[in-house]
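Each remark here refers to the structure printed beneath this line.
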Amino acid sequence: MELTNADIDAGFAQVRRERALHRRLDDVRNPDFWRRLNPELSITDFPLRRAARRAAPPAAVLDRCRRQLLADGYLHVPSLVPRDEAERLAAAVTRIVNDGLPAELTAVYDEAYRIFAGLEAVFEPLLGPGYFMVTQGVGAFYVPPADDGRSLWTASAPHRDRMAPDARTMAGEVPSILTLWLALSDVTTEHSCLYVVPASADPDFHTPERKVGDTFRLQDIRALPAQTGDVIGWSSHLIHWGSASSRFVTTPRISITMYFQRRDVPLWHPFHIDPEQPCTFAERLTWIEHSLGRAGLFDGIKVEGA
């Protein structure tokens, strides 16, 4: 596809953001900076120790989750996280972005992991007991009004997640690893909501193919608006993306993501959380650096103490 002037402008804007981040590395590496920026959040070595178990959704919702995951490659659980908890983390994401830093750095805080804890009632029936949080995929997204979706720090272009191919997905079973996307704000179709190609409309879904081609109909694309506290999960084989945001909305789209994987299969990535083992600030910066480097943006950044 031929580059447009808007694509070129977005590329230069991204370079400016990356250079600004490099100039802020002393702040990024300093936990006291983060405590001052969001004093209501915490940075400890054991982020999951204070996590509370969440209420179980009704049995009908859990049954729909399993059937939808097997049929369409994704699931949507409404109101899984309390709105006040999600909004508190959204406020922290907003401060980070307003300070000129990428939203993914939200993962320095305990709450970025704790918000995904206590979901056993939903995910143990799918992934088995003792599933892992795989932190290679931890990240937050802040899509402002009128964002055109070209920035690597806002919405993502159509893609399949890198944790694939998954043998269980190819066999038509419940995946061994899921991406979880948690809405920290209300997300309408005008707010850069998620769009997906359901498994039944994607002839490559149950194959090792990683490319996103033109083998699906535009009519089959499905929008997934969400309310604050909703969780959407999907197989690493699912084609998905975030759209451009309308200039007529007045609030950003804010969300956070994490991988969950079964315990009885090999680790998909060495970065993961064990609730009984420490999770240091330096380790989190290494995870974030790796996540930001998914597009090759920040190769060579060294994190002190990691």
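The values are calculated or read from the model by the stated rules, or taken from the named source; none is laboratory data. All values derive from a computational prediction rather than experimental measurement. In this analysis, Cβ positions are derived from the backbone assuming ideal geometry, glycine residues included, and neighbour counts consider all displayed protein chains.
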- line: residue 41 fails exactly one of (1) surrounded by 14 or more Cβ atoms within 10 Å (Cβ to Cβ); (2) out of contact with any Pro (no Cβ under 7 Å at 6 or more places or on another chain); (3) modelled with pLDDT under 95; (4) not hydroxyl-bearing (Ser, Thr, Tyr), namely (3)
message: With the structure loaded, tell me whether residue 33 is hydrophobic (A, V, I, L, M, F, W, C) and at pLDDT 95 or above or whether it fails that test.
response: yes
field: From the options 49, 95, residue that is at pLDDT 95 or above and not hydrophobic (A, V, I, L, M, F, W, C)
entry: 95
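If I ask for residues that are in a strand (DSSP E or B) and either at pLDDT below 95 or over 15 Å from the mean Cα position of the chain (by Cα) (or both), which ones from region 153-203 would you list?
Correct list: 159, 191, 197.
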message: Which numbered condition in (1) surrounded by fewer than 20 Cβ atoms within 10 Å (Cβ to Cβ); (2) farther than 28 Å from residue 221 by Cα; (3) of a type outside the set (A, V, I, L, M, F, W, C) is the only one that residue 78 fails?
response: (2)
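Going by the structure shown, is residue 265 among the aliphatic types (A, V, I, L, M) and within 27 Å of residue 129 (Cα to Cα)?
The answer is yes for residue 265.
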message: under 19 Å from residue 148 (Cβ atoms) and either in contact (Cβ under 8 Å) with a residue 40 or more places away in the chain or not basic (Lys, Arg) (or both): is that true of residue 235 in this structure?
response: no
field: Condition broken by residue 101, with the remaining ones in (1) assigned to a helix (DSSP H, G or I); (2) among the hydrophobic types (A, V, I, L, M, F, W, C); (3) more than 27 Å from residue 266 (Cα to Cα) satisfied
entry: (1)
- prompt: In region 134-152, what residues are assigned to a strand (DSSP E or B) and either surrounded by fewer than 22 Cβ atoms within 10 Å (Cβ to Cβ) or among the β-branched types (Val, Ile, Thr) (or both)?
  reply: 134, 135, 136, 138, 143
query: Only one of these conditions is not met by residue 212: (1) surrounded by 13 or more Cβ atoms within 10 Å (Cβ to Cβ); (2) modelled with pLDDT of 95 or more; (3) within 27 Å of residue 143 (Cα to Cα). Which number is it?
result: (2)
